[in-house]
Amino acid sequence: MNPVSWLILIIVLLIIEIITLGLTTIWFAGGALAGFVLCILGAGWQIQAVAFLAVSFLLLVFTRPWAVKYLNSKTVKTNVDSLAGKTAMVTETIDNEKQTGCILIGGQPWTARSADDHEVIPVDTVVVVEKIVGVKALVRIKKEEK
């Protein structure tokens with residue numbers, strides 16, 4: 001490959017990274033940079049290709065986990081993701097067999113089902129949201145309530 005091809009590849013990979021922010025193509029841009037440097041130094045295309053693959057793989061395997069950990073550490077769960085672990089009040093008896101149940105989480109009503117299929121949870125029981133499945137909250141009775 002010629003140096004211009006490597007530069008185009010670097011630019012395309014960086015643009016894809018900027019658009020997606022997935023921390024994936026940036027590592028291949030690093031590999032393309034290695035290929036570019038070797039091309040400038042006069043190495044053959046086979047060596048350039050091996051360097052591109054090797055550097056990309058090494059960067060992806062060894063630096064991506066670190067980058068994801070530190071760059072995404074300030075991600076705050078929002079909307080539905082933030083409901084897991086929250087407490088709620090049962091406003092309609094939760095009975096999985098009868099397909100009934102409603103809870104109030106932060107002033108918002110949610111259809112609810114018990115995490116234990118055979119457990120009926122009465123009105124005014126405090127529950128903990130385990131997860132949201134579709135539009136239903138999967139809940140368990142809060143330990144202090146038992």
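Summary of values
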read-out	value
Rounded percent of accessible protein surface that carbon and sulfur make up, the chain, 1.4 Å probe	66
Helix axis angle, 3-20 relative to the chain longest principal axis, alpha carbon, degrees	10
Heavy atoms of L7: accessible area, 1.4 Å probe, square angstrom to 10	80
Local electrostatic count at G101 - Lys and Arg +1, Asp and Glu -1, tallied over other residues with Cβ under 10 Å	+1
Cα→Cβ-extended label distance, 7 Å offset, between V37 and V12, nm	2.3
Solvent exposure of the chain as accessible area per residue, Å², 1.4 Å probe	65
Lys/Arg +1, Asp/Glu -1 at C-beta; the chain dipole; positive extreme among T25, T111, G35	G35
Accessible surface, 1.4 Å probe, highest first, among residues V4, V128	V4, V128
C-alpha center-to-center spacing [the range 88-146, the range 35-74] in angstrom	49
Relative frequency of Cα-Cα separations exceeding 24 Å in the range 9-140, percent	55
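The values are calculated or read from the model by the stated rules, or taken from the named source; none is laboratory data. Bear in mind the structure is a predicted one, so any value in this text is a computation, not a measurement. Because the Cβ atoms are built from the backbone with ideal geometry, glycine has one as well, and the counts that use them run over all protein chains shown. Heavy atoms of the whole protein, side chains included, go into the accessibility calculation; ligands, DNA and RNA do not. Shrake-Rupley method; radii C 1.70, N 1.55, O 1.52, S 1.80 Å.
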